[in-house]
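Below is one structure, written out as structure tokens; comments come after it.
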Amino acid sequence: MKARPIFIVEDDRDIRENLQDLLESEGYTVLAYENGKLAFDNLLQLEILPKMIFLDLMMPIMDGRTFLKEVQGVVKLQGIPIMVITAGVEKVEGKIVGMMKKPLDINELLRAVTKFSLD
């Protein structure tokens with residue numbers, strides 16, 4: 001069976017690439033996108049849904065809030081754990097498993113992956 005990926009949806013290239021490198025070094029398959037539209041379009045094409053999504057809120061083209069609404073509008077996607085990563089103190093409407101503040105704590109991030117990405 002193919003490994004279920006972890007999605008990273010983050011417009012800041014350094015953060016996106018560092019997260020991807022970290023998670024891949026821990027043995028995870030990672031798919032990373034610079035905006036919600038790219039991530040959502042690719043999510044719809046997958047046969048194997050991601051274990052988890054790390055989602056930035058403020059991005060161009062499609063922001064995190066819009067991405068959340070789109071995901072929640074598709075029944076087969078509604079069970080994917082989504083962890084918001086943000087620099088601000090923001091309220092988020094929609095089903096998420098939690099919120100992490102930037103700069104991200106690596107240990108907290110790895111604990112979340114372990115907790116929410118169990119197969």
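The values are calculated or read from the model by the stated rules, or taken from the named source; none is laboratory data. None of the values given here were measured: they were computed from a predicted structure. Using ideal geometry, Cβ is built from the backbone for each residue, glycine included, and neighbour counts are taken over all protein chains shown. Calculation scope for accessible area: heavy atoms of the full protein, side chains included, ligands and nucleic acids excluded. Shrake-Rupley method; radii C 1.70, N 1.55, O 1.52, S 1.80 Å.
On a straight-distance basis, which lysines could pair with LYS37 in a cross-link, Cα separation under 16 angstrom, same-chain partners fewer than 8 positions away excluded?
Reachable lysines: LYS69.
Might you report the magnitude of the Cβ-based charge dipole of region 1-62 about its Cα centre, with Lys and Arg at +1 and Asp and Glu at -1, to the nearest 20 debye?
Dipole about the Cα centre, nearest 20: 340 debye.
For the chain, modelled as a Gaussian network with Cα springs under 10 Å, which listed residue fluctuates most, GLN72, GLN20, GLN45?
GLN45
Would you list which aspartates and glutamates come within 15 Å of LYS101, measuring only between C-alpha atoms, while excluding same-chain residues fewer than 8 positions from it?
Once the sequence-local aspartates and glutamates are set aside, what remains near LYS101 is GLU10, ASP12, ASP56, GLU90.
Select from GLY88, GLY79, GLY36 the residue whose mean-square fluctuation is largest in a Gaussian network model of the chain (Cα-Cα springs shorter than 10 Å).
Of the options given, GLY88 has the highest mean-square fluctuation.
Report LYS37's accessible area, 1.4 Å probe, all protein chains in place, as a number in Å² to the nearest 10.
90
To the nearest 20 debye, what is the magnitude of the charge dipole of the chain about its Cα centre, counting +1 on the Cβ of each Lys and Arg and -1 on the Cβ of each Asp and Glu?
About 480 debye.
Could you state the accessible area per residue of region 23-102 in Å², with a 1.4 Å probe and every protein chain left in place?
Solvent-accessible surface per residue comes out at 52 Å².
At 1.4 Å probe size, what's the solvent-accessible area of LEU46? Round to the nearest 10 Å².
Approximately 50 Å² of LEU46 is accessible to the 1.4 Å probe.
For the chain, with all protein chains present and a 1.4 Å probe, just round the carbon and sulfur fraction of the accessible area to a whole percent.
Answer for the chain: carbon and sulfur cover 51 percent of the accessible area.
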